[in-house]
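A short worksheet on the structure shown next.
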Amino acid sequence: MPLTVIRDDINQLRLRLIAGNRALREAYEAHPATSRLLKGRSALVDEIIVALWHTCAMPAETCLVAVGGYGRGELFPASDVDIMVLIPASADDALRARLSAFISALWDIGLEIGQSVRTLDECIEVSQQDITIQTNLLEARLLVGCETLFEAFERRYRENLDVREFFKAKKLEQRQRYTRHQDTPYALEPNCKESPGGLRDLQMLGWIARAAGLGRNWRDLARNRLITGEEASMLRSNERFLEHIRIRLHYLAGRAEDRLLFDHQEALARAMSVGPSGAKRASEVLMQRYYLTAKQLTQITTILLQNYSNVIFADQEGAAFVINERFQSQRELLDLRRDNVFEETPSALLECFLILQQRSELKGMTARTLRALWLNRNRINAAFRADPVNRALFLEILQQRRGIVHEFRRMNQYGILSRYITPWRRIVCQMQHDLFHVYTVDQHILMVLRNLRRFTMGEHAHEYPLMSRLILSFKKHWLLYVAALFHDIAKGRGGDHSRLGMEDARVFCEQHEFEPENTELIVWLVEHHLTMSNVAQKHDTSDPDVIGNFAGIVKTERRLTALYLLTHADIRGTSPKVWNGWRGKLLEDLFFATQKLLRGATPEQALGLDDRQQDAQRLLRYHGLRAGTENTLWSTLDAVYFMRHSPEEIAWHTRVLYYRVDSPEPVVKARISDEHQGLQVMVFARDQKDLFVRLTGFFGRMGFSILDAKVHTTRHGYALDSFILQDADNQASYRDVVLLIEHELTERLKRGGEPDRPSSGRLSRQVKHFPLTPRVSLRPDDAGKHYILSLTASDRPGLLFAIAEVLAKNDIDVQAAKIATLGERVEDTFLLNARGLSQDSHIIKIERDLLEQLQV
């Protein structure tokens, strides 16, 4: 038989594969059954590969083995086909040529192949070194060839398999996988295979059971009393749901795609016959079911791993240590002393979490404790919640020195939290499509709680020095944890969630007999949890009236400190991408200015006008400039300039411009800003029409996002503008572009002409599938000297340029701009010159023009 496979044979096999895949898909679409499809595709590929093996006349002393998922006899529509050619000895040139022709033919047929060629010794050697290979070989299945060689492989593999080491390695592998997915199944675009609670967890449970000889399916595990019959049924039901998800994703994407991307969620819901429910779109209903499935699977995974451990390490069990009449310690895990503890003493449903906090030697709960906790969760009813003992226990959990976040996450996982705080039930696994939250509502709240806890911990003090100092001096700082639990608890009900949530918080505080002043603090924090971020990011905080109005809302320094801590924790808990140094500086400046005002300073003193000038002068002297050098430039600047800029910025501007106050040519300077993780650019030029448009267009064309813009006109008719820039793709080396920006922008401003138009770019998936209805508000300030333009819209490349262009066409001058980007959502605020805005018709026209530009 020639080594080159006859082309006709390959074509025939390719056609058989195409026809077989088409028939499988049609059968699945008509009657969705995951097992029939997965096993059917595996059988189809078996048929194709075995036929090709015979066509290639492979040597009789070799064998072909299916490994991994294919070895298990399950192939998803776009899964790779993993095979191993087992050979008795190292391959000679003739065998290598024949194997190469065989593998090439498999690819030509249309199979995505993952292949290896190994001797028996090589199999054992690599399996000892690599847990992934060892796991793939665990499910090895003979396809064709020498049975004796395969039996020898199986025997050698079993002899060399250390079940205890395998168990430990799979747990370490799980921990690494969970870390890659931020230890949560509740991301908005989870991976149905790799995320916690995904198919990989189920496969891991199967691998360990098979390696330890505990069973080959869920029924076997139930017969061996590792799980209950009900849990076995739940596992199979959830497994089928995830299999349907993955099958549909492969068909929708036309490739191996395991992420539930926004691009696919709505189509996936339709394919799975999931419809909208109330205010929730179909994709949200589907995703909530996915999260609940993942939640159940993470529960049962924890229980099964502990039961596996009890069997695999049975000789290491040790004696139980009695904690009290209800609980004991068993292998560093909290265990029930009797199966009916929760029936006898319902308050133990909370007590168990308190014990875990108080005993650092305990690493968690035993499987039977977790199972009993879940089965008895419904004992937390109205009578339970009204019992003073249980109320005291819950508050005690909140006030412990350690373990608060861990135990609240565990309480949420096992349904205890939603039974004790009844409004919590509505937010469990609830999605948030607001373009900047990346977690479900319940997980976001727990992230905020985590952030507040970190402020109290010495090991995090270097990250949050001011937060740590403030919270440790805050009397009863655990009250902030209560505010965190309720700040978003009314999300998704319709209406103002802050107002609705404050009522829930008030009921909780009164039921738990909080002191009146503590109740009022918590209720006020829930009501105003968005106020500080709104003022810091959307208002001109160099305006004394803005600081005065905010201080009027806050009223006391205790409230200010509490709101600052909660706001900081809240923003950090939305998404890893939302928080940055610039946003932190805005909040910090507002906090200190308001603190000074509450301590008796005037608004001007609170903003530190005199202090800023004096600090700037000290910096100038430090850099070698003589006293009075700054006078020429400073005489052209008004108080607003000094209130909007920090002493360091004022000193920088002065050092650059003190000898160029009447420069006939534009002056552009850029520098790296570690504080903002980006660039700071200053532009000084004769004021000209469309200058703001030109600058936004230039920065957009260069690929930069504008985080902040301060636009100022001097008394002698020059523009002194400063910008904070970040690379939109986070790929720029800022040091390399400083000189480029200085040179290119200077030349562009000297040349004049039409403004640069930034490239349109591409919309993010989130914006494309969950667009935000844009909002525009244009209103006069209290003094009537300026107008405040507030915009909310989905972010997109070139958006700021489009806004600036509308304002320029309507002859509107921008005095200042605050650009707040929260994930994929922008909330921008502009201070505009009031000239030409006195007529309602003109204002309406501008708002319409802006809305037209903001539409995605």
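Ordered from longest to shortest, the equivalent ellipsoid semi-axes for the range 632-739 are 24, 15, 12 Å, each the square root of 5 times a Cα gyration tensor eigenvalue. With 0.36 nm allotted per residue and the present C-alpha distance subtracted, the Glu396-Arg36 stretch has 124.3 nm of extension available. Taking packing as the residue-averaged number of other Cβ atoms within 10 angstrom, the listed peptides 483-492, 308-317 run from highest to lowest as 483-492, 308-317. When the trypsin sites (Lys or Arg not before Pro) in the range 679-734 are filtered for DSSP coil states and for at most 11 other beta-carbon atoms within 10 Å of their beta-carbon, the remaining sites are Lys689, Arg715.
Which of rounded, prolate or oblate describes the range 565-679 when judged by the alpha-carbon gyration tensor and an a/c cut-off of 1.5? It is oblate, given that a/c is not under 1.5 and a/b is not larger than b/c. For the chain, the longest principal axis of the C-alpha atoms and the axis of helix 34-55 are separated by about 60°. With q set to 0.15, 0.18 Å⁻¹, the log10 of I(q)/I(0) for the range 212-257, from the Debye formula over equal scatterers at the Cα positions, is -0.51, -0.61. Once the C-beta distance of Arg751 and Thr632 is scaled by a Förster radius of 30 Å, the resulting FRET efficiency is 0.55 to the nearest 0.05. Remark: for residue pairs Lys596/Lys818; Lys669/Lys750; Lys193/Lys491, the C-alpha separation exceeds 19 Å in Lys596/Lys818; Lys193/Lys491. Taking the Cα atoms only, what angle lies between the long axis of helix 516-527 and the longest principal axis of the chain, rounded to 10 degrees? On a 0 to 90 degree scale, this one is about 80.
Under a Cβ-only charge scheme (Lys and Arg +1, Asp and Glu -1), can you give me the dipole magnitude of the chain about the Cα centre, in debye to the nearest 20?
So the dipole magnitude of the chain works out to roughly 1160 debye.
Spin-label pair Glu230-Ser646: with each label point 7 Å from Cα along the Cα-Cβ axis, the two points sit 5.8 nm from one another.
How many percent of the accessible area of the chain is carbon or sulfur, using a 1.4 Å probe?
Exposed carbon and sulfur together represent 47 percent of the surface.
How large is the convex hull of the Cα atoms of the chain per residue, expressed in Å³ as a whole number? Per residue, the Cα convex hull of the chain comes to 215 Å³.
In this simple spin-label model, placing a label point 7 Å from the Cα along the Cα-to-Cβ direction at both Asp840 and Leu530 gives a separation of 2.8 nm.
Shape class for the range 55-192: oblate, because the ratio a/c of the largest to smallest gyration tensor axis (alpha-carbon atoms, square roots of eigenvalues) is 1.5 or more and b/c is at least a/b.
Inter-part distance, the range 15-47 to the range 784-856, computed on C-alpha centroids, equals 56 Å. Evaluate the Kirkwood expression for the hydrodynamic radius of the range 454-549, namely the inverse of the mean inverse distance over all pairs of different C-alpha atoms, and round to one decimal in Å. For the range 454-549, inverting the mean 1/r across all distinct Cα pairs yields 15.1 Å. Axis angle, to the nearest 10 degrees, between helix 544-554 and the longest C-alpha principal axis of the chain: 50 degrees. Backbone geometry of the range 636-641 corresponds, through the Karplus equation with coefficients 6.51, -1.76 and 1.60 at θ = phi - 60°, to 3J(HN,Hα) couplings of 8, 10, 9, 4, 4, 4 Hz, x marking Gly and Pro. Using θ = phi - 60° in the Karplus curve 6.51 cos²θ - 1.76 cosθ + 1.60, the 3J(HN,Hα) couplings for the range 89-105 round to 8, 3, 6, 8, 4, 5, 5, 4, 5, 5, 5, 4, 5, 5, 5, 4, 5 Hz; x is entered for Gly and Pro. Each residue of the range 644-653 was assigned a 3J(HN,Hα) from its phi angle through the Karplus curve 6.51 cos²θ - 1.76 cosθ + 1.60 (θ = phi - 60°); the sequence is 8, 10, 6, x, 5, 5, 4, 5, 4, 4 Hz, with glycine and proline shown as x. Among the aspartates and glutamates, which have Cα under 13 Å from the Cα of Lys363 when same-chain residues fewer than 8 positions away are ignored? Counting by Cα, and skipping residues close in sequence, Lys363 has these aspartates and glutamates nearby: Glu332, Asp335, Glu407. Rolling a 1.4 angstrom probe over the protein heavy atoms with all chains in place gives the range 52-99 an accessible area of 34 Å² per residue. Stretched out straight at 0.36 nm per residue, the stretch from Asp339 to Glu463 would grow longer than its current Cα-Cα span by 40.2 nm. A full extension of the chain between Lys280 and Ser237 corresponds to an added length of 13.1 nm, given 0.36 nm per residue minus the alpha carbon distance. Can you tell me the FRET efficiency between Ala89 and Leu15 if r is taken as the Cβ-Cβ distance and R0 is 41 Å, rounded to the nearest 0.05? About 0.65, to the nearest 0.05.
Given R0 = 25 Å, the distance between the Cβ atoms of Lys476 and Ser360 translates into a calculated FRET efficiency of 0.60. The DSSP beta bridges internal to the chain are antiparallel in roughly 90% of cases.
Surface exposure of the range 192-252, expressed per residue as accessible area with a 1.4 Å probe, stands at 37 Å². Per residue, the range 673-748 exposes 42 Å² of accessible surface when a 1.4 Å probe is rolled over the protein heavy atoms with every protein chain present. Rounded, prolate or oblate: which fits the range 1-83, taking a ≥ b ≥ c as square roots of the Cα gyration tensor eigenvalues, rounded meaning a/c under 1.5, else prolate when a/b beats b/c? Verdict is oblate for the range 1-83.
Here the label points at Ala152 and Ala639, each 7 Å from Cα along the C-beta direction, are separated by 9.5 nm in the simple model.
The values are calculated or read from the model by the stated rules, or taken from the named source; none is laboratory data. Everything quoted here is computed from the prediction, not taken from an experiment. Note: ideal-geometry Cβ built from the backbone for every residue, glycine included; neighbour counts use all protein chains shown. Accessible surface is based on the protein model in full, side chains and every heavy atom, while ligands, DNA and RNA are left aside. Shrake-Rupley method; radii C 1.70, N 1.55, O 1.52, S 1.80 Å.
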